[in-house]
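Shown next, in structure tokens, is the structure this report addresses.
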Amino acid sequence: MVIGTASVILVVTIGLTGKRYILDELQKIETNSVELEYAGGGTTAAERVLYNDYLTRDDERTVDEQVPGVMYSSPVLEMHEPISFGAGSVKDTLILGVSPDYQSVRNLLVPKGRFFDQTDEAAHIKCAVVTQAFAHARYGSDEEAVGQTFEIEGIPFTVIGVFKEAFDDFGESEIADQTILIPYSVAKYFTGTENLRQIYFSMRSMDEVTEAAVQIKDIVQSRHRPNSVYKTQTLKQMLTIAGEIADALTLLLVMVAAVTLAVGGVGIMNIMLANVRARIREIGIRKALGATYREIKLQFLAEAVIISLTGGVVGTLVGLSVPLSIRFFTDYKLPVSMLSVFIALTAATLVGVVFGTVPATRAAQLDPVDALKYE
């Protein structure tokens with residue numbers, strides 16, 4: 001019972017620690033961002049091909065003005081171009097045309113060089129910020145990449161910085177390993193259009209994301225044809241799903257730990273059966289003096305519960321001592337759930353009742369005459 005009860009508490013502690021870690025990591029990756037995407041229009045496949053109603057920079061500016069929680073926004077214009085890596089090697093590389101705010105929207109770090117700014121955007125400067133994977137593959141290192149040039153469709157671009165994502169985004173990012181970021185004002189000349197499929201918005205806090213996503217979709221929808229389809233996506237949904245998965249895994253582990261409690265219950269039942277056998281004459285004397293069936297049964301059932309609950313209390317103290325010691329002696333603040341304590345003690349009591357019923361019933365059913373003659 002000590003081991004089983006302690007296991008329940010420790011399993012819940014481990015589960016809550018894992019859940020908090022996962023949610024903390026997810027909250028670091030644009031959980032306050034909203035992705036707006038054009039998903040087509042028309043009611044048939046043919047109409048969706050002809051009936052293009054893409055997003056525009058005016059949509060972005062309108063949302064910035066009408067949704068008060070928006071801090072940053074950036075268009076994302078996606079292209080794939082063959083880039084020479086020297087020695088005859090040419091790779092199809094992802095190129096994103098974005099605004100300077102994209103760095104803040106996507107929480108990007110620039111360990112070498114700088115990100116392009118509003119001056120670069122307004123002057124249509126042919127500059128680029130590349131991933132560390134691109135810098136290492138083409139130039140050997142971050143330091144060597146800054147200041148180098150490469151060509152996109154024969155037009156030279158200068159690498160002004162090397163960037164990386166601040167946190168692992170679990171594959172949810174539009175950024176590939178080898179990605180080039182260039183100013184949107186330059187990228188649109190390669191595509192020959194200002195039409196956009198995606199615009200990213202960053203809110204002040206995660207609490208505003210859900211409402212802002214609805215507002216952004218409504219504002220953009222009102223500016224376009226009724227049949228056009230626009231979708232918003234947030235990472236807050238991922239937080240909810242991750243929390244549910246963590247809770248389900250914790251529950252599964254608790255059920256596994258409960259098996260230990262069941263094993264302990266079998267031990268309690270054997271102890272009480274031996275106890276009844278050793279106290280048959282006592283039971284006979286009590287019945288001869290007027291003790292009823294109910295009183296005898298409650299006596300032995302109470303003893304079983306006390307044994308089980310004592311083990312539960314000791315196990316609870318053992319289970320709590322581990323996370324509390326870690327919290328006291330280290331900087332790690334492991335979560336301590338009082339609900340797990342309640343569950344453990346309740347489970348210990350139920351085990352005592354369930355596995356103590358058989359010995360208690362057997363004691364209460366003894367015949368007083370046979371019990372008094374028992375040697």
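None of the figures in this text is laboratory data; all of them are computed from the coordinates on show. As the structure is a prediction and not an experimental result, all values here were calculated from the model. Glycine also receives a Cβ, built like all others from the backbone with ideal geometry; neighbour counts cover every protein chain displayed.
For region 86-216, what percent of Cα pairs sit more than 27 Å apart? Intermediate results must be reported in sequence, preceding the final value.
On the way: 1829 of 8515 pairs.
Result for the distance tail: 21 percent.
The distance between label points at residue 263 and residue 221 comes to 5.7 nm (points 7 Å beyond Cα on the Cα→Cβ vector).
Extension gain for the segment residue 71 to residue 206, taken as residue separation times 0.36 nm less the Cα-Cα distance, is 47.4 nm to one decimal. In this rough spin-label picture, where each label sits 7 Å from Cα along the Cβ direction, the residue 318-residue 114 distance is 6.3 nm. For the peptides 79-90, 319-330, 9-20, residues were scored by their other Cβ atoms within 10 Å and the scores averaged per peptide; the highest-first order is 9-20, 319-330, 79-90.
Summarised as an ellipsoid, region 167-312 has semi-axes of 73, 19, 10 Å, derived from the eigenvalues of the Cα gyration tensor scaled by 5 and square-rooted, with the largest first.
Give me the extension gain from residue 92 to residue 148: residue separation times 0.36 nm, minus the current Cα-Cα distance, reported in nm with one decimal.
In short, 18.2 nm is gained.
On the beta carbon distance between residue 21 and residue 190, with R0 = 45 Å, the FRET formula returns roughly 0.60.
Relative contact order of the chain: 28 percent, from C-alpha pairs under 8 Å at least 6 residues apart in sequence. Ranked from largest, the principal axis spans of the Cα set of region 228-326 equal 89, 39, 18 Å. Non-local lysine pairs in the chain, meaning eight or more places apart or on different chains, with alpha-carbon distances under 16 Å, amount to 10. Separation of region 214-291 from region 1-24 is 12 Å, based on Cα centroids.
Shown here are the Rg and Dmax of the Cα trace of the chain, at 34.0, 109 Å.
Ranking 192, 140, 178 by how far each Cα lies toward the positive end of the dipole of region 119-211 (charges on Cβ) leaves 192 at the top.
If only the Cβ of Lys and Arg carry +1 and only the Cβ of Asp and Glu carry -1, the dipole of the chain around its Cα centre is close to 2420 debye. Dipole orientation for the chain: of the candidates 36, 86, 356, 356 has the Cα lying most toward the positive pole (charges on Cβ; Lys, Arg +1; Asp, Glu -1). Between the beta carbons of residue 231 and residue 107, assuming R0 = 30 Å, the FRET efficiency works out to 0.85 to the nearest 0.05. Inter-label distance, residue 251 to residue 64: 4.6 nm, where each label sits 7 Å from its Cα along the C-beta direction.
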